[in-house]
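Undergrad: Let me begin by handing over the structure; questions about it come next.
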Amino acid sequence: MGILNVTPDSFSDGGMWFDRDKALRHAHEMARDGADLIDVGGESTRPGAPEIALQEELDRVIPLVESIVAESGLAVSVDTSKPEVMTAAVEAGAAMINDVYALRREKALETVAALGVPVCIMHMQGTPRNMQHEPHYQDVTGEVLDFLTERVNACRQAGIQGDRVIIDPGFGFGKTLQHNIELFHHLDVFVTTGCPVLVGISRKAMLGQITDRTVGQRVAASAAAALLAAQAGAMILRVHDVAETVDALKVLDALTTD
Ligand code: 7PM
């Protein structure tokens, strides 16, 4: 899954056209590099980020989804927690919803059930605004698993088919480095639930803490982490650097399959 961010900081004033064009070119590039899915996100979930207005999110995301689907036929997922955006996105051709709030917003469960598309539900302690203020757990793996199990059950009760729910422990979302490491060590716990597991670690702060590299210098660290996640059974890897990740996965496949 290649990441396509269309958050405000990636738009210059009045330059919407140019930037949409640029975003489209980036989507095509990721497709050429081997992405199977493009994750379009217009709602910044970076630590401390303010929430954005519905119309603004629709304006950023929907035309882009339409263009990507029309021009490339690629599968698109949309990173949103707003039911209105979910509906408009699927009408525009999106094949999947990625919700970092795990469908906890009002009407989100019913909306995804009615749309009939797969959904990724992610664990987060707190909200993007406050999640990195002293995250705390007694047992991070157990608590994240309990949360995801409860959300999977809520999805089933709302009528979302079982095989359409993807789970994600939410690396960096209300977690310290130690919490992230412990979760990574126990990825098998999530894999053995039987739900497909999505892992998003690409360029994240935890890799900066491990390697002492800036965001732009975390490509090798990101590919290494993606490789390890794949080896642990993750089905979907959410990444910025598609070409490098695909190379790493080709090596994994060639050297570990007889
Ligand atoms: C700034 C900092 C901007 C961090 C964006 C981010 C995930 C996700 C994100 C993830 C799923 C990023 C994050 N991360 N969705 N959306 N899983 N399912 O690093 O780990 O891309 S946003």
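The values are calculated or read from the model by the stated rules, or taken from the named source; none is laboratory data. All values derive from a computational prediction rather than experimental measurement. Note that we place each Cβ from the backbone using ideal geometry, even for glycine, and neighbour counts take in every protein chain shown. With ligands, DNA and RNA removed, areas are computed over all heavy atoms of the protein, side chains included. Shrake-Rupley method; radii C 1.70, N 1.55, O 1.52, S 1.80 Å.
Undergrad: Taking the stretch 217-255 on its own, how many of its residues are small (Gly, Ala, Ser), under 15 Å from ILE3 (Cα atoms), within 16 Å of the ligand (Cβ to nearest atom) and more than 17 Å from the chain's Cα centre (by Cα)?
TA: The qualifying residues number 0.
Undergrad: Among the numbered conditions (1) more than 23 Å from THR7 (Cβ to Cβ); (2) open to solvent by less than 20 Å² (accessible area, probe 1.4 Å); (3) modelled with pLDDT under 95, tell me where ILE160 comes up short.
TA: (3)
Undergrad: Just to check your reading of the model, which residue among ILE160, ILE201 is over 24 Å from VAL112 (Cβ atoms) and among the hydrophobic types (A, V, I, L, M, F, W, C)?
TA: Result: ILE201 is the single residue among ILE160, ILE201 that is over 24 Å from VAL112 (Cβ atoms) and among the hydrophobic types (A, V, I, L, M, F, W, C).
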